[in-house]
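Novice: Got a structure for you, questions after.
The values are calculated or read from the model by the stated rules, or taken from the named source; none is laboratory data. This one's a predicted model, so the numbers in the text were calculated from it and none came from an experiment. As a convention, Cβ positions derive from the backbone with ideal geometry for all residues, glycine included, and neighbour counts pool all protein chains shown.
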Number of protein chains: 2
Amino acid sequence: MIVSADRPSVTPPLPPLTAPVEDYLKAIYELESRQGSATTSDVAEALAVAPASVTGMVRRLAAQGYLDHVPYRGAQLTDAGRRAALRTIRRHRILESYLSGILGYPWDRVHDEAEQLEHAASDELIERMAAALGFPTVDPHGAPIPTADGTVEERAHRSLADWPTGEPALMARVSDKDAALLRYLADIGLQPGTEVTVLHRAPFDGPLTLRIGTADVMVGPRVASQVLVAAPTPLRPPDAC
Amino acid sequence: MIVSADRPSVTPPLPPLTAPVEDYLKAIYELESRQGSATTSDVAEALAVAPASVTGMVRRLAAQGYLDHVPYRGAQLTDAGRRAALRTIRRHRILESYLSGILGYPWDRVHDEAEQLEHAASDELIERMAAALGFPTVDPHGAPIPTADGTVEERAHRSLADWPTGEPALMARVSDKDAALLRYLADIGLQPGTEVTVLHRAPFDGPLTLRIGTADVMVGPRVASQVLVAAPTPLRPPDAC
DNA sequence: CGGCGTGTTTAGGCTCGCCTAACTTAGGGT
DNA sequence: ACCCTAAGTTAGGCGAGCCTAAACACGCCG
Ligand SMILES: [Mn+2]
Ligand SMILES: [Mn+2]
Ligand SMILES: [Mn+2]
Ligand SMILES: [Mn+2]
């Protein structure tokens, strides 16, 4: 009688993930959802680590069932890996929201703090913070907060660089990684929820003239391309007019 | 020309302490202030680690100037070691206060959470939490919070087990380490600031009858010995009567 | 089709923090 | 004074994460 028992379906109790492992899974998740799969050098760059270190870690994580790895071809998360990544991302974004919303942190300094705390905070703490915030659905930079059971609603936004001239838009999201950019955006009054209109776009990748509130501001194309926007009041059903 | 350059007096920029190192220094500080010096096995017990591991770590910390170690005789913190320990203790106690005071944690669960967060939180976060609390001077268990520049005011309390019968006292402090004891004390309404009177003490290490508020409660001597108390309203000047 | 460069992996090595097993030391008891 | 035991240290080893240097694979380009 032959019993095939490779990869038992009943998972034995896994040890808690270490901080580096959580950061790898998070980075791979983000690269994967942007580029389809995560290459060794992209992960290395994202984590400021040598490529050889990534190869080693990826091999370990594949052995533990968090991802599939085809040598020379990149890595892709398994369900277990995606679950773990989304858990860390949830913690990160709730922490950012709490620091910004309750403790008065400026939005350009919440990321670094959350990058550490996401590995130390208990589930109870995270849920208490979420409750104190009224269970927010997006973080201070407009990124969606995964639910506790591991689902995210990723909205497909357009870049302000592509948005048609003259049509008002709502600022929706910006990366949390570039603190200087965030400070600049705060300066000119651009944050998630702000209405913004592209008044004019100079040719040859020239600057854009924006109307933000009552003020007109000129920004470079590098800034505009980083700012994601959406159509205003997209929540009302289409037949409501 | 001979220049003696061993042990330069200008300290080079030290790398940030790791979480285990912070926990060692904290444990040694606490043992030292309770027993004069910290023995290898006491530290091992406090950190749930093998004695051999302590010997190794103590050797490293001595080499880095955080403590003095006489083999077979125990360890004592240097000024640098004491500073580092008090910094971690400050963070721990502010975190406990914040979790309990702002996030509604029960006081028996703040310790474990703070034990992790104390290594991850930035100075800015700690100071923002302290500010949100109005710069508290004691934590939820009555332990004094060291100042940012590294001083603590340790009050010499007496145990409830020794307190004279009939004289009212104020509950002042209890260890944060035993969650079950903390739950019990919360149950019977004993927390820092509560007035308590020993009505009767049964002989041969028998139970104590306490008056807490309007209720009478009997507690064992093991509980009473853990509860530290002080004379009521010790803040009013003596000539105020 | 063969060579070449970029990207990846392998090989070997390091520190930190922990372990167990074997030893040494200090110090109290006889 | 000596021995015995408890406490402490040494020896040797392990896994996690990182590194550099060297070998190698893929796929593009001539
Ligand atoms: Mn972030
Ligand atoms: Mn992180
Ligand atoms: Mn505590
Ligand atoms: Mn700790």
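Novice: Could you list all residues from the range A:121-175 that are away from chain B (no Cβ under 14 Å), part of a loop (DSSP other than H, G, I, E, B) and polar (S, T, N, Q)?
Specialist: Taking the range A:121-175 first, the residues away from chain B (no Cβ under 14 Å) are A:134-175.
Add one more test, that the residue is part of a loop (DSSP other than H, G, I, E, B), and what stays is A:134-137, A:139-143, A:145-157, A:160-167, A:174-175.
Once the filter is applied, which keeps residues that are away from chain B (no Cβ under 14 Å), part of a loop (DSSP other than H, G, I, E, B) and polar (S, T, N, Q), the range A:121-175 yields A:137, A:147, A:151, A:165, A:175.
Novice: Can you pull out the residues in the range B:151-183 that are of a type in the set (A, V, I, L, M) and either farther than 15 Å from residue B:194 by Cα or without any contact (Cβ under 8 Å) to a residue 60 or more places away in the chain (or both)?
Specialist: Within the range B:151-183, B:152, B:156, B:161, B:171, B:172, B:174, B:179, B:180, B:181 meet the criteria.
Novice: Out of B:189, B:142, B:150, B:134, which single residue is at positive phi and not assigned by TED's automatic domain parsing to the domain that holds residue B:87?
Specialist: Details: B:142 fails: not assigned by TED's automatic domain parsing to the domain that holds residue B:87; B:150 fails: not assigned by TED's automatic domain parsing to the domain that holds residue B:87; B:134 fails: not assigned by TED's automatic domain parsing to the domain that holds residue B:87.
It is B:189.
Novice: Since residue A:118 meets every condition but one in (1) within 13 Å of chain B (Cβ to nearest Cβ); (2) surrounded by fewer than 22 Cβ atoms within 10 Å (Cβ to Cβ); (3) over 13 Å from the mean Cα position of the chain (by Cα); (4) among the charged types (D, E, K, R), which condition does it not meet?
Specialist: So the condition that residue A:118 fails would be (2).
Novice: For residue A:72, are the conditions met, namely being away from ligand 4 (no atom under 16 Å from the Cβ), buried (at least 18 other Cβ atoms within 10 Å of the Cβ) and of a type in the set (Phe, Trp, Tyr)?
Specialist: No.
Novice: Give me a count of the residues in the range B:92-110 that are within 12 Å of chain A (Cβ to nearest Cβ) and part of a helix (DSSP H, G or I).
Specialist: Adding up the residues that qualify gives 5.
Novice: Regarding the range A:18-30, can at least one residue be identified that is more than 14 Å from chain B (Cβ to nearest Cβ), among the small types (Gly, Ala, Ser), within 16 Å of DNA strand C (Cβ to nearest atom) and over 30 Å from residue A:186 (Cβ atoms)?
Specialist: Among the residues of the range A:18-30, not one is more than 14 Å from chain B (Cβ to nearest Cβ), among the small types (Gly, Ala, Ser), within 16 Å of DNA strand C (Cβ to nearest atom) and over 30 Å from residue A:186 (Cβ atoms), which makes the answer no.
Novice: Exactly one of these conditions fails for residue B:88: (1) more than 16 Å from ligand 1 (Cβ to nearest atom); (2) free of Cβ contacts under 8 Å to residues at least 40 places away in the same chain. Give me its number.
Specialist: For residue B:88, the failing item is (2).
Novice: Restricting attention to the range A:49-100, which residues are under 27 Å from residue A:124 (Cα atoms) and acidic (Asp, Glu)?
Specialist: The answer is A:79, A:96.
Novice: Sticking with this structure for a sec: Looking at (1) under 14 Å from the mean Cα position of the chain (by Cα); (2) assigned by TED's automatic domain parsing to the domain that holds residue B:212, find the lone condition where residue B:167 falls short.
Specialist: Result: residue B:167 fails condition (1) only.
Novice: Working only within the range A:176-215, note down all residues that are small (Gly, Ala, Ser) and assigned to a loop (DSSP other than H, G, I, E, B).
Specialist: Scanning the range A:176-215 gives A:189, A:193, A:202, A:206, A:213.
Novice: Applying the selection to the range A:58-71, what residues are in a helix (DSSP H, G or I) and within 22 Å of the chain's Cα centre (by Cα)?
Specialist: A:58, A:61
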